[in-house]
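The values are calculated or read from the model by the stated rules, or taken from the named source; none is laboratory data. What you see is a predicted model; the values in this text were computed from it and never measured. Note that each Cβ is placed from the backbone with ideal geometry, even for glycine, and that neighbours are counted across all protein chains shown. Ligands, DNA and RNA are excluded from the accessible area calculation, which covers all protein heavy atoms including side chains. Shrake-Rupley method; radii C 1.70, N 1.55, O 1.52, S 1.80 Å.
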Amino acid sequence: MRILVVEDEKKLANFIKHGLEEERYIVEIAYNGEQGLEMAMNNEYDAILLDVMLPGRDGFSILQELRKAGIKVPIMMLTARGATEDRVMGLDLGADDYLPKPFSFEELAARLRSILRRSAPEKTTKLQCGDLILDTITHFAYRGGKEIELTTKEYALLEYLMRNKNRIVSRSNILQHVWRHSFDPESNIIDVYIKRLREKIEFDPSQPQLIQSIRGVGYRIREVEENKSNES
Ligand code: CA
């Protein structure tokens, strides 16, 4: 999921970027209105977080311009102005949500998931491996009719494995994608998280069917049914 943040307060913009990256979004920032409009017009984003009070061009006029151009990307307005008329104006102009400052990151993230969920077609938000389903918006996994709650890193690791379904991913690739090299390759962090994931998603964690260890290389998540038919 690729998100554009249009916000002139650098500290706030970077705080949002950092937080969203932790949740595995790809984030780009525009620090003024003109730049924000240009980026939004020329790139495909899954959502835009748009500040109202911006140097150059304000958020309302950017919103108006984008909707006029037929760009339907979900937009959440951010503003220090809590006035009802601003809120109404933003929604009237075609904003999907309106978040008054100051806000907590948790609220921003929850509302972002909500506008993404409303706009995204059901099928593109789910990854599947056999009877294991991973929702890339809510970050919940589902198996055997059970909802499984994952931590941020557990989710990132499982998403990475599932996007590479049936392929072996090396330990160094996992470190690079999930931990961004913040651990030594010799560390056992991956094994710790694989163990935790197995405890959550495998029916019998001592006999893992989904996540396989490939000795000396890395890990692979496999479609269980496919695996059986291949071997028979
Ligand atoms: Ca501002």
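Taking 0.36 nm per residue of sequence separation and subtracting the Cα-Cα distance, how much length would be gained by fully extending the chain between Glu199 and Ser114, in nm to one decimal? The partial results should precede the final answer.
Numbers: separation 85, 0.36 × 85 = 30.60 nm, distance 2.88 nm.
Full extension of this stretch gives 27.7 nm more.
In nm, give the distance between the simple-model label positions of Ile168 and Arg57, each being 7 Å from the Cα along the Cα-to-Cβ direction.
So the label points at Ile168 and Arg57 sit 5.1 nm apart.
Using a 1.4 Å probe on the protein heavy atoms, what percent of the accessible area of region 2-119 belongs to carbon and sulfur?
After summing per-atom areas, the C and S share lands at 50 percent.
Using only the alpha-carbon atoms, how far is helix 105-119 inclined from the longest principal axis of the chain? Give it as 0 to 90 degrees, nearest 10.
The angle comes out at about 90 degrees.
Multiply the residue gap between Glu22 and Gln64 by 0.36 nm, knock off their C-alpha separation, and tell me the result in nm, one decimal place.
Gain in length upon complete extension: 12.0 nm.
Got the relative contact order for the chain handy, in percent, Cα pairs under 8 Å and 6 or more residues apart?
12
Given the Cα-Cα distance of Asp92 and Asn188 and 0.36 nm per residue of separation, how much length would full extension add, in nm?
29.3 nm
Considering only protein heavy atoms and a probe of 1.4 Å, how much of the accessible area of region 126-226 is carbon and sulfur, as a whole percent?
Roughly 47 percent of what the probe reaches on region 126-226 is carbon or sulfur.
If R0 is 30 Å, what FRET efficiency do you get for Ser104 and Arg2 from their C-beta distance, rounded to 0.05?
0.85
Restricting things to alpha carbons, find the Rg to Rh ratio for the chain using the Kirkwood radius for Rh. Don't jump to the answer; show the numbers that get you there.
Values: Rg = 20.6 Å, Rh = 19.6 Å.
Result for the chain is an Rg/Rh of 1.05.
Highest mean first, what order results for 183-194, 36-47 on Cβ atoms within 10 Å?
36-47, 183-194
Can you work out the accessible area per residue across region 126-226, with the rest of the protein chains kept in place, probe 1.4 Å, in square angstrom?
Numbers: 5340 Å² over 101 residues.
That works out to 53 Å² for each residue.
Please report, to two decimal places, log10 I(q)/I(0) for region 2-119 at q = 0.21, 0.22 Å⁻¹ as given by the Debye formula with identical point scatterers on the Cα atoms and no solvent.
-1.23, -1.38
Taking the Cα atoms of region 126-226 alone, what are Rg (to one decimal) and Dmax (as a whole number) in Å?
In order Rg, Dmax, the Cα atoms of region 126-226 give 12.6, 37 Å.
Mind listing the long-range amide H neighbours of Ile29? Cut-off is under 5 Å, sequence gap 5 or more, other chains count too, H placed in the peptide plane at 1.01 Å from N.
Distant-sequence amide H within range of Ile29: Val5.
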